[in-house]
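Trainee: The structure under discussion is supplied below as structure tokens; questions concerning it will follow.
Throughout, read-outs are computed from the coordinates displayed, never taken from laboratory work. Just so it is clear, the structure is predicted and the values come from calculations on it, not from any experiment. Note that each Cβ is placed from the backbone with ideal geometry, even for glycine, and that neighbours are counted across all protein chains shown.
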Amino acid sequence: MGYYAMPLLWNDAVIGWVNATTSEGRLIVEPGFHSANPSRSREFAKAWKREVADLATSLGVVV
């Protein structure tokens, strides 16, 4: 976890962290999970994709 690690929230729990950086105009996100990885969940995958896209838009970069 780096200095800018953001907490990763899902439903009512903190499930991990995300490190985000940019390189050559692209957003790079690296999640880490405390225990179970919910990324196999269709609902989580859809929310993850939307949040990463929103972050990229706010930073003015592409995913």
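Trainee: With angles folded into 0 to 90 degrees, how steeply does helix 42-59 sit against the dominant principal axis of the chain? Use alpha carbons for both and round to 10.
Mentor: The angle comes out at about 30 degrees.
Trainee: At 7 Å along Cα-to-Cβ for each site, give me the label-to-label distance between residue 10 and residue 29 in nm.
Mentor: For residue 10 paired with residue 29, the spin-label model returns 1.3 nm.
Trainee: Related question: Run the simple label-point estimate for residue 62 and residue 46 please: 7 Å along Cα→C-beta, distance reported in nm.
Mentor: Between residue 62 and residue 46, the label points sit 2.6 nm apart.
Trainee: With θ set to phi - 60°, apply the Karplus curve 6.51 cos²θ - 1.76 cosθ + 1.60 along the stretch 12-29 and write out the HN-Hα couplings as whole Hz, x wherever there is a Gly or Pro.
Mentor: Running phi through 6.51 cos²θ - 1.76 cosθ + 1.60 with θ = phi - 60° gives 10, 9, 8, 9, x, 8, 9, 9, 10, 8, 10, 8, 6, x, 10, 8, 10, 10 Hz.
Trainee: Using a/c under 1.5 as the rounded threshold, could you call the chain rounded, prolate or oblate? The axes a ≥ b ≥ c are square roots of the C-alpha gyration tensor eigenvalues, and prolate needs a/b larger than b/c, oblate otherwise.
Mentor: oblate
Trainee: Follow-up. Before rounding to the nearest 500, sum -39500 (n - 2.57) across all DSSP H runs of length at least 4 in the chain and divide by the residue total; then give [θ] at 222 nm in deg cm²/dmol.
Mentor: Values: 1 runs with 18 residues, N = 63.
Mean residue ellipticity, 222 nm, calculated: -9500 deg cm²/dmol.
Trainee: So, with +1 on the Cβ of K and R and -1 on the Cβ of D and E, and no other charges, what is the size of the charge dipole of the chain about its Cα centre, to the nearest 20 debye?
Mentor: Numbers: 6 positive and 6 negative charges, 46 e Å.
Dipole about the Cα centre, nearest 20: 220 debye.
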